Amino acid sequence: MKTRITELFGIQHPIIQGGMHYVGFAEMAAAVSNAGGLGIITGLTQKSAADLANEIARCKDMTDKPFGVNLTFLPVVNQPDYQGMVKAIIEGGVKVVETAGNNPQSVLPYLKDAGIKVIHKCTSVRHSLKAQAIGCDAVSVDGFECGGHPGEDDVPNFILLPRAADELEIPFVASGGMADGRSLVAALSLGAEGMNMGTRFIATKEAPVHDNVKQALVAASELDTRLVMRPLRNTERVMTNKAVERLLEKERTLGRDIKFEDIAPEVAGVVPRFLQDGEWAVGPWRCGMVAGLIHDIPTCKELIDRSMAEAEGIIRQRLAGLIS
Ligand SMILES: Cc1cc2nc3c(=O)[nH]c(=O)nc-3n(C[C@H](O)[C@H](O)[C@H](O)COP(=O)(O)O)c2cc1C
């Protein structure tokens with residue numbers, strides 16, 4: 001399948017694996033890229049620019065296909081070494097960067113000068129237009145269904161994607177709730193040029209996370225996510241468990257006066273304990289409503305190949321058949 005996204009990134013299939021903290025290691029990115037999609041290493045999971053350079057080199061040892069690096073810009077006091085990471089990306093010969101979070105304007109000139117394509121992930125049409133205006137090559141439009149940060153507007157993809165299509169000139173992919181060939185065809189018909197998957201890629205053989213995480217995704221339904229940190233306007237969609245329900249109760253009790261420090265003990269340091277050590281119910285870990293569509297743990301190649309076959313089947317048979 002050829003779309004503006006496959007052309008832009010030089011990939012076979014219009015399927016991207018979004019950056020995921022403590023999931024987007026070289027093994028994950030290489031598996032997706034080797035299967036014809038675009039795999040993405042998560043920059044901030046690496047403790048330093050030197051570690052990121054090493055991770056990029058490891059990925060290059062595992063694939064000769066294009067892959068990307070995610071740079072998430074966080075509203076934190078002690079900023080990570082973004083300049084060092086950008087240098088590692090450029091010197092490592094990476095061809096694509098997925099930016100997310102705050103405006104990536106400060107690093108764009110360096111990336112563009114090095115010929116790197118930039119796809120910015122955002123949760124609203126206004127942020128997508130801003131990304132277009134500052135020179136991003138594409139956007140990843142993340143609907144309310146998505147795992148991780150859905151923003152504060154709560155607009156699901158059935159509305160957000162056609163709104164983005166009406167306004168944007170640069171290509172965009174649909175992100176949030178994407179699982180298979182049906183998702184891809186729906187995304188294309190709503191104006192996207194491909195799809196970005198997060199949660200679905202965690203339940204694959206190559207995903208470098210504890211098996212408990214994969215089993216939890218297979219067991220979960222679309223009703224099993226919760227939105228935490230809403231009162232702080234830093235909403236995250238996470239898998240529910242007892243610790244998450246306790247956190248939500250604390251948020252309700254503290255009400256409007258809540259500060260991040262109040263809930264820091266419940267959220268800080270949780271991600272590696274679950275994703276890497278498999279400690280169930282230790283706290284909130286990011287997960288999309290798409291968990292309800294995850295029933296197995298295929299390889300990345302099986303997942304991508306069957307999604308493409310399903311998408312082509314829907315377009316050639318079901319949809320074409322409806323009008324002939
Ligand atoms: C476990 C997990 C960790 C994530 N970490 C990040 C991150 O560090 N940076 C980022 O830009 N997006 C992150 N995301 C968001 C994904 O890149 C992607 O946009 C999102 O998962 C899409 O929604 P889906 O889960 O319904 O596919 C994360 C998502 C998950 C599930």
### Query
In region 172-183, is there at least one residue being open to solvent by 50 Å² or more (accessible area, probe 1.4 Å) and free of Cβ contacts under 8 Å to residues at least 12 places away in the same chain?
no
### Task
Taking the options 282, 209, 238, name whichever one is outside any helix (DSSP H, G or I), under 30 Å from residue 32 (Cα atoms), in contact (Cβ under 8 Å) with a residue 24 or more places away in the chain and over 19 Å from the mean Cα position of the chain (by Cα).
282
### Message
Quick test for you: out of 231, 265, pick the one residue that is within 19 Å of residue 147 (Cα to Cα), free of Cβ contacts under 8 Å to residues at least 60 places away in the same chain and in a helix (DSSP H, G or I).
### Response
231
### Message
Among the listed residues 261, 279, 312, 266, identify the single one that is out of contact with any Phe, Trp or Tyr (no Cβ under 7 Å at 6 or more places or on another chain), modelled with pLDDT of 95 or more and of a type in the set (Asp, Glu).
### Response
312
### Task
Evaluate region 92-111: report whether one residue or more is of a type in the set (D, E, K, R), farther than 23 Å from residue 198 by Cβ, away from the ligand (no atom under 16 Å from the Cβ) and part of a loop (DSSP other than H, G, I, E, B).
no
#### Entry: Of the criteria (1) among the hydrophobic types (A, V, I, L, M, F, W, C); (2) surrounded by 13 or more Cβ atoms within 10 Å (Cβ to Cβ); (3) in contact (Cβ under 8 Å) with a residue 24 or more places away in the chain, which one residue 254 fails
(3)
### Query
Among the residues of region 169-187, which ones are touching a Ser or Thr at 6+ places or on another chain (Cβ under 6 Å) and in a loop (DSSP other than H, G, I, E, B)?
180
### Odd one out for residue 158 among (1) open to solvent by less than 10 Å² (accessible area, probe 1.4 Å); (2) aromatic (Phe, Trp, Tyr); (3) more than 13 Å from the ligand (Cβ to nearest atom)
(1)
### Query
Quick check, is residue 14 within 16 Å of the ligand (Cβ to nearest atom) and modelled with pLDDT under 95?
no
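The values are calculated or read from the model by the stated rules, or taken from the named source; none is laboratory data. A quick note: this is a predicted structure, and the numbers were derived from the prediction, not measured. Every residue, glycine as well, gets a Cβ built from its backbone with ideal geometry; the counts of neighbours run over all protein chains shown. Quick note on the areas: whole protein, heavy atoms, side chains included, nothing else; ligands and nucleic acids left out. Shrake-Rupley method; radii C 1.70, N 1.55, O 1.52, S 1.80 Å.
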